[in-house]
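Peer 1: Supplied in structure tokens, the structure appears directly below.
The values are calculated or read from the model by the stated rules, or taken from the named source; none is laboratory data. Remember, predicted model here, so these are calculated numbers, not experimental data. Neighbour counts are summed over all protein chains in view; Cβ atoms, including those assigned to glycine, are modelled from backbone coordinates with ideal geometry.
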Amino acid sequence: MRSSTLLSVLLFTACGGTWSNRDLEFAAALPSRAELSSKLPTSASSAQPLTRRDGLNAGDPSQAYADTKKAVTDFNGLLDFFLGVVDSVRSVSPTSRSGDSRTWGPFAAKDAPGFQFQVTIALVSSDPQETFGWKLQARKLGEQAWLDVVRGTFQASAETVRKGMGQIEVPVKEFRDQLKIDPAFAQLDSIVIGYVTNANPKLSTMTFTFAAGNPGGFSSAGYASRQADDGSGAMGFSLKTLDPNTSRLDIVSRWRTTGAGVAIATVAEGNYRGATRIECWDTSFKVVFFKETWPGGQESGVQSACVSIEGL
């Protein structure tokens, strides 16, 4: 998704203003990129080629770590893309207020002449906890109707409004024919992000639903990320390959804060459907154990060298 997409140019041009405590509580209902992002330990020497290889040997640079690193980078990049404007609400005070809602805007869309946008947050329930609904909306100048570009809900925890659970939806199908968006983005019907920040580990998920007849032939895809307070984490994702035997791998990677980790890949599509591959790496991101269960699969290292990662 290139920067020409409308979402990437909806930037605030206002600043300053006075905040009330209640304003801050409304703004806290918006998702934070820092809270939802995945954090995989890295080092300057950990960059690996992102071309899957069979038959890795103990001591080789870990391909599973490299694949996980790319998935984490892509996941965090998408969060930045979808939440950049929403996050910027915290830099300006509301433009208007009522007892149960706050509005930021309308603002001119910087670098997108002819468009306006606004963010609204409303309290929709107080039982059992405060629940907020919010929207990032856009419209062409001279038009009255607003289009939802991103919308979400958030239920605060009993302890604090800054933690809780929520859902974010990008309803691409509703606006792709009315707003200028990247062709790759237009292949989607929707993106849904779910998150829980008042638990350990924190959970973030991202699901893409594709439009019928899209060039890639996809129906859905997604990510699932868990991040524990101690720095350990996990990422679930899918990897497409050109190998007809393992044409799609569903992977769950887990890691400790030291960087050592383990990835289990299950063949979801291909001649070896149902077979698995396990790969473990150490704190230097080198393979310590590798095993493929499909016909002719290889094995290297000792499984006892794999780290044990609980709770993820």
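Peer 1: Just the residues that are assigned to a loop (DSSP other than H, G, I, E, B), surrounded by 14 or more Cβ atoms within 10 Å (Cβ to Cβ) and either modelled with pLDDT under 90 or among the charged types (D, E, K, R) (or both), please, taken from the stretch 41-80.
Peer 2: Answer for the stretch 41-80, where residues must be assigned to a loop (DSSP other than H, G, I, E, B), surrounded by 14 or more Cβ atoms within 10 Å (Cβ to Cβ) and either modelled with pLDDT under 90 or among the charged types (D, E, K, R) (or both): T42, S46, Q48, R52, D54, L56, A58, D60.
Peer 1: Could you please tell me which pairs satisfy a Cβ distance under 8 Å, a separation of 6+ or placement on different chains, a first residue in the stretch 61-84 that is closer than 22 Å to V192 by Cα, and a second residue that is assigned to a helix (DSSP H, G or I) and not hydrophobic (A, V, I, L, M, F, W, C)?
Peer 2: From residues that are closer than 22 Å to V192 by Cα, the pairs are N76/R33; L79/R33; D80/R33; F81/S8; L83/R33; G84/S8; G84/R33.
Peer 1: Within the stretch 197-230, track down each residue that is surrounded by fewer than 19 Cβ atoms within 10 Å (Cβ to Cβ), outside any loop (DSSP other than H, G, I, E, B) and among the aliphatic types (A, V, I, L, M).
Peer 2: L203, A221, A224
Peer 1: Another question, if that's okay. Could you grab the pairs with beta carbons closer than 6 Å, sequence gap of 6+ or different chains, first residue in the stretch 176-189 and basic (K, R), second one assigned to a helix (DSSP H, G or I)?
Peer 2: Correct list of pairs: R176/A186; K180/L6.
Peer 1: Would you check if A112 is of a type in the set (G, A, S), at pLDDT below 90 and either under 21 Å from G84 (Cβ atoms) or more than 27 Å from the chain's Cα centre (by Cα) (or both)?
Peer 2: Spelling it out, A112 is indeed of a type in the set (G, A, S), at pLDDT below 90 and either under 21 Å from G84 (Cβ atoms) or more than 27 Å from the chain's Cα centre (by Cα) (or both).
Peer 1: Note down all Cβ pairs under 6 Å where the first residue falls in the stretch 247-263 and is within 20 Å of D230 (Cβ to Cβ) and among the charged types (D, E, K, R), the second is at pLDDT below 95 and surrounded by fewer than 17 Cβ atoms within 10 Å (Cβ to Cβ), and they're at least six residues apart or on different chains.
Peer 2: R254/L312
Peer 1: Can you spot a residue in the stretch 119-138 that is in a loop (DSSP other than H, G, I, E, B), among the aliphatic types (A, V, I, L, M) and touching a strand residue (DSSP E or B) at 6+ places or on another chain (Cβ under 9 Å)?
Peer 2: Start the filter on the stretch 119-138 by keeping residues that are in a loop (DSSP other than H, G, I, E, B), which leaves 126-130.
Still in the list and also among the aliphatic types (A, V, I, L, M): none.
No, there is no match, as no residue in the stretch 119-138 is in a loop (DSSP other than H, G, I, E, B), among the aliphatic types (A, V, I, L, M) and touching a strand residue (DSSP E or B) at 6+ places or on another chain (Cβ under 9 Å).
Peer 1: Regarding V119, is this residue more than 17 Å from L24 (Cα to Cα), under 24 Å from the mean Cα position of the chain (by Cα) and surrounded by 20 or more Cβ atoms within 10 Å (Cβ to Cβ)?
Peer 2: Here the answer is no, as V119 does not meet what is asked.
Peer 1: Being closer than 28 Å to G213 by Cα, among the aliphatic types (A, V, I, L, M) and over 19 Å from the mean Cα position of the chain (by Cα) narrows it down to one of L188, L147, so name that one. Steps first, answer last, please.
Peer 2: Working: L188 fails: over 19 Å from the mean Cα position of the chain (by Cα).
Matching residue, one of L188, L147: L147.
Peer 1: So, one more: Which of the residues spanning the stretch 139-176 are farther than 23 Å from R22 by Cβ, in a strand (DSSP E or B), touching a Ser or Thr at 6+ places or on another chain (Cβ under 8 Å) and not polar (S, T, N, Q)?
Peer 2: Scanning the stretch 139-176 gives E169, V170.
Peer 1: Can you tell me which residue within the stretch 139-170, out of those that are touching a strand residue (DSSP E or B) at 6+ places or on another chain (Cβ under 8 Å) and over 17 Å from L36 (Cα atoms), is surrounded by the most Cβ atoms within 10 Å (Cβ to Cβ)?
Peer 2: Only one residue fits best here, namely V149.
Peer 1: On to the next question. Out of the residues in the stretch 21-40 that are closer than 30 Å to Y65 by Cβ and of a type in the set (A, V, I, L, M), which is surrounded by the most Cβ atoms within 10 Å (Cβ to Cβ)?
Peer 2: Applying the filter and picking the extreme gives L36.
Peer 1: Having 2 or more residues that are in contact with an Asp or Glu (Cβ under 8 Å, 6 or more places away or on another chain) and surrounded by fewer than 19 Cβ atoms within 10 Å (Cβ to Cβ) is the bar; report the strands (runs of 3 or more DSSP E) wholly within the stretch 231-295 that clear it.
Peer 2: Qualifying strands (runs of 3 or more DSSP E): 233-240, 261-269.
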